[in-house]
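Inspection log for the structure reproduced underneath, given as structure tokens.
The values are calculated or read from the model by the stated rules, or taken from the named source; none is laboratory data. As the structure is a computational prediction, the values presented were derived from the model and not from experiment. Cβ placement follows ideal geometry from the backbone for every residue including glycine, while neighbour counts extend to all protein chains displayed. Quick note on the areas: whole protein, heavy atoms, side chains included, nothing else; ligands and nucleic acids left out. Shrake-Rupley method; radii C 1.70, N 1.55, O 1.52, S 1.80 Å.
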Amino acid sequence: MLNIAVVWVDSENTPWKEAIDEHTVNGIVECLTELDCLVDIIEITEIPTDKIAEELCAYDCILNLSYGIHAWTQADLAFWFDLKKIPQIASSGLAQRIAQDKLSVEYRCLDKGIQVPISLISKDEIEDNLMYISKPRFGGCHRGISIKEGLEIKDNWLEFSGKDLLIQPYYIGREFSIAVIPNIQADGFEALPPLEIVPFPERDVFIAGSSFGETRRNFEPQLAQAKIEQMQAIALAAHKLIGLDYYSRCDFRLVGDEIYLLDVNAMPNLHHKFSMLPALLVQHNIGMKEFVRRLLSLYYLKNKAHQDALDLVF
């Protein structure tokens, strides 16, 4: 029987106010309990100390639902768990730091032939009438983003290309999101079919969420099967390329016939109401309990010390 701590940080204490609440945590705890785990809930309210590390090391592992704490990002916190040798059901801190660096992800993808928007080096590359996006290299939750015509970007180059800002072409097209989760045997990963982010009302400039106006989710987009499979293959390749584990989510733009990988989320939120991954689990008849079972199965397979508990999950 696995003795596990669900570790979380309230939204108000996370760097970008990610959606996470007690209702979501309790729902996941209920799934773990039904899977015969011994579960405690640990809420982190301040930058963690050695005392907290000692407390967490008493568990077999933690299910990490911590999206950063104050000035620490989720990658910083995951890295701290690794440093303190606290086994976590989440991608490693190193992998999360790589994913957090959008320029690093861009270079890695280009090296492997994955098509991504290419960051500009000089304002001489800008065409006046095309659209461009300025975004933080290490940002999150669609914060600090500007989408402007090329002429405005060019005239205010220092503002839009300042410290740790990237400028890329803004591709007008359809946007999709794909979740990567453990497969049913937990000996590999599968990419779920995409959901489409649809701007409402219809418009060319939008991103998921409400930063640039309302968007809605279409779980049954009209999309050729070949394109679906191509996106799924890219999501799985990106997951592996960055060294992610357990689960992730990728965002894409389809521009004509071309697929561009926009972003890789190393630890997508599991909020029961607002987050895409739980909604996709429901849509594809997997559900949160089965998802948690797969996470546990993967953890068991990765940690041979728990061989005696395999019967719990198979």
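For the chain, the fraction of 1.4 Å probe accessible surface lying on carbon and sulfur atoms is 51 percent.
Ordered by 1.4 Å accessible area with all protein chains kept, E152, E127 run largest first as E127, E152. Between helix 287-302 and the chain there is an angle of about 70 degrees, using the helix long axis and the longest principal axis of the Cα atoms. As a rough guide to protection, the peptides 38-45, 98-105 ranked by mean Cβ packing within 10 Å, highest first, stand as 98-105, 38-45.
List the chymotrypsin sites (Phe, Trp or Tyr not before Pro) within the range 189-230 that fall in a DSSP loop (any state other than H, G, I, E or B) and whose Cβ has at most 16 other Cβ atoms within 10 Å.
F212, F219
Which chymotrypsin sites (Phe, Trp or Tyr not before Pro) in the range 236-304 sit in a loop by DSSP (not H, G, I, E or B) and have at most 15 other Cβ atoms within 10 Å of their own Cβ? Passing both the DSSP loop test and the Cβ count: F274. Excluding ligands, DNA and RNA, the accessible surface per residue across the chain is 46 Å² with a 1.4 Å probe.
Between the C-alpha center of the range 1-67 and that of the range 122-190 there is a gap of 31 Å.
Take every Cα pair under 8 Å whose residues are at least 6 apart in sequence, average their separation, divide by the length of the range 201-292, and the relative contact order is 15 percent. Return the label of the correct value of semi-axes √(5λ) of the Cα gyration tensor in Å, as calculated from the structure shown, out of (i) 35, 22, 17; (ii) 46, 21, 17; (iii) 32, 23, 18. The calculated read-out lines up with (i). Result for the chain in a Gaussian network model with C-alpha springs under 10 Å: among G27, G162, G139, the largest mean-square fluctuation is at G162. Multiply the residue separation of E55 and D128 by 0.36 nm, subtract the distance between their alpha-carbon atoms, and state the gained length in nm to one decimal. Here the answer is 20.6 nm.
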